[in-house]
1. Name the pairs whose Cβ atoms lie under 7 Å apart, with the first residue in region 40-58 and in contact (Cβ under 8 Å) with a residue 40 or more places away in the chain, the second among the small types (Gly, Ala, Ser) and surrounded by 14 or more Cβ atoms within 10 Å (Cβ to Cβ), and 6 or more positions between them or separate chains?
2. Working only within region 78-124, note down all residues that are touching a helix residue (DSSP H, G or I) at 6+ places or on another chain (Cβ under 8 Å), β-branched (Val, Ile, Thr) and not in a strand (DSSP E or B).
3. Assess whether residue 175 counts as being at pLDDT 65 or above and either outside the structural domain of residue 61 (by TED's automatic domain parsing) or of a type outside the set (Phe, Trp, Tyr) (or both).
4. Looking only at strands (runs of 3 or more DSSP E) that fall completely inside region 1-77, which ones have 1 or more residues that are farther than 23 Å from residue 98 by Cβ, small (Gly, Ala, Ser) and modelled with pLDDT under 85?
5. For residues in region 81-125 being surrounded by fewer than 16 Cβ atoms within 10 Å (Cβ to Cβ) and among the β-branched types (Val, Ile, Thr), which is nearest to residue 20 (Cα to Cα)?
6. Within region 66-73, is there a residue that is among the aromatic types (Phe, Trp, Tyr) and in contact with a strand residue (DSSP E or B) (Cβ under 7 Å, 6 or more places away or on another chain)?
Amino acid sequence: MTHEHTLVDMESTKDLKKRWYAIHVKSRHEFKVLDRLTGAGIEAFLPVVERLSNWKDRKKLVAFPLFPGYMFVHITRSHHSSILSVLKTIGVVRFLGMVPGEPEPVPDDQIICLQQLIESKEELDPYPYLKEGQRVRIKKGPLATVEGILVERAGKHLLILSVDILRQGVSLKIDASEVERV
């Protein structure tokens, strides 16, 4: 057997192994896409966290995707039918990857760690993308649409924003769920 033949055999064996891939799905369709994928026999993982949601008359624990708009599928890359089955699923937008048209696998150990974190029921910070110095906009409440700079994180979900009003800085404390990146 030549060296070239060995490389080809190794590549085809690697493609037969199931790998995890991240997919982008339509906003607020994560649970529906999960049901459709699993119903089609495709292994999928949607990291979910439970948060206390305030309703008019009560508080209720509600499940939210940890990464809104994203989930993971466990498929083989060699069979284009696997990739096509995922892409043809209603609600799936695209695979994530650095090379256009080429899905990039997510390392197994990262998925395992994420699954363990979710199973631990620890309180996870679902807003890791907000960083100090970043420009943010308030989404709801009396200050909706006001923009400011994230000055610091005060605890797990509390942010301190610097808002320029009348060319004077004002700092306010606000919950991380009430702002979005600009």
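The values are calculated or read from the model by the stated rules, or taken from the named source; none is laboratory data. Only a predicted model underlies this, so the values are computations on that prediction, with no experimental measurement involved. So basically every Cβ, Gly included, is an ideal-geometry build from the backbone, and we count neighbours across all protein chains shown.
1. From residues that are in contact (Cβ under 8 Å) with a residue 40 or more places away in the chain, the pairs are 40/85; 42/85.
2. Taking region 78-124 and keeping what is touching a helix residue (DSSP H, G or I) at 6+ places or on another chain (Cβ under 8 Å), we get 78, 86, 89-92, 94-95, 103, 124.
Retained after the next criterion (residues that are β-branched (Val, Ile, Thr)): 86, 89-90, 92.
The answer is 86, 89, 90.
3. Details: at pLDDT 65 or above: yes; either outside the structural domain of residue 61 (by TED's automatic domain parsing) or of a type outside the set (Phe, Trp, Tyr) (or both): yes.
Yes, satisfied.
4. On the way: elements: 18-25, 43-45, 48-54, 59-65, 70-76.
Fully inside region 1-77 and qualifying: 48-54.
5. Going through the qualifying residues, I end up with 112.
6. Yes - at least one qualifying residue is present in region 66-73.
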